[in-house]
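The values are calculated or read from the model by the stated rules, or taken from the named source; none is laboratory data. Keep in mind that this is a model prediction, so the values were computed, not measured. Don't worry about glycine lacking a Cβ; one is built from the backbone with ideal geometry, like all the others, and counts go over all protein chains shown.
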């Protein structure tokens, strides 16, 4: 009998999970989202590439808003831009606001999302995707990303972690660090308050355990 199809995971969920598992659960489990300056900038940037279509320039076929999927991993999403090189090799380009000189941990989240797109394109088209790029609007520059074995392994790991998170349908604890400062959900879910509540609950639990001794 053929294997049961996997529940679909959005490619964007991998980026959210890599940035903060709690943010991923809030968006993809509880369906919560709120705009801030950073998300609004991202939405304005993506208006340029959200309309499906294609053009040919400098020998490249350029597809915009290309639907993506990978049945093996149960991934679905959309590629901002996929350039097809003269030999037919697909080259994904993900658009981001801000500068390409990002903190290493945030850049790694972007790399993961791009690599997931590459994995989808490989299954869809049967062509190797060894490289892609992230285009950062503020600096108007691309950052080339090699889709190597290490990055592919990170995609596989992230898919497994996100799938477990979605099945558990519970909120991981807040990171309560620099990641929270730029999060559009910060005011809504107040990570500092949540962290204090979890700390108090742990202290109370320990006291009850001592009383039982």
Please find, within the range 137-148, the residue that is farthest from residue 12 (Cα to Cα) out of those that are in contact (Cβ under 8 Å) with a residue 40 or more places away in the chain and part of a strand (DSSP E or B).
141
Residues of the range 1-19 classified as at pLDDT 90 or above and not in a helix (DSSP H, G or I), total
3
Test of understanding: among 165, 134, 151, which residue is at negative phi, free of Cβ contacts under 8 Å to residues at least 60 places away in the same chain, in a helix (DSSP H, G or I) and surrounded by 15 or more Cβ atoms within 10 Å (Cβ to Cβ)?
151
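Table: residues versus (1) free of Cβ contacts under 8 Å to residues at least 24 places away in the same chain; (2) touching a helix residue (DSSP H, G or I) at 6+ places or on another chain (Cβ under 6 Å); (3) buried (at least 17 other Cβ atoms within 10 Å of the Cβ).
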position	(1), (2), (3)
58	yes, no, no
77	no, yes, yes
82	no, no, yes
86	no, no, no
92	no, yes, yes
98	no, no, yes
101	no, no, no
104	yes, no, no
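The rows are residues; the columns are (1) at pLDDT below 80; (2) in contact with a strand residue (DSSP E or B) (Cβ under 8 Å, 6 or more places away or on another chain); (3) more than 27 Å from residue 25 (Cβ to Cβ).
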{"residue": "135", "(1), (2), (3)": "no, yes, yes"}
{"residue": "142", "(1), (2), (3)": "no, yes, yes"}
{"residue": "152", "(1), (2), (3)": "no, no, no"}
{"residue": "168", "(1), (2), (3)": "no, no, no"}
{"residue": "198", "(1), (2), (3)": "yes, no, no"}
{"residue": "203", "(1), (2), (3)": "yes, no, no"}
{"residue": "208", "(1), (2), (3)": "yes, no, yes"}
How many residues does the range 92-130 hold that are over 13 Å from residue 70 (Cβ atoms), modelled with pLDDT of 95 or more and part of a loop (DSSP other than H, G, I, E, B)?
3
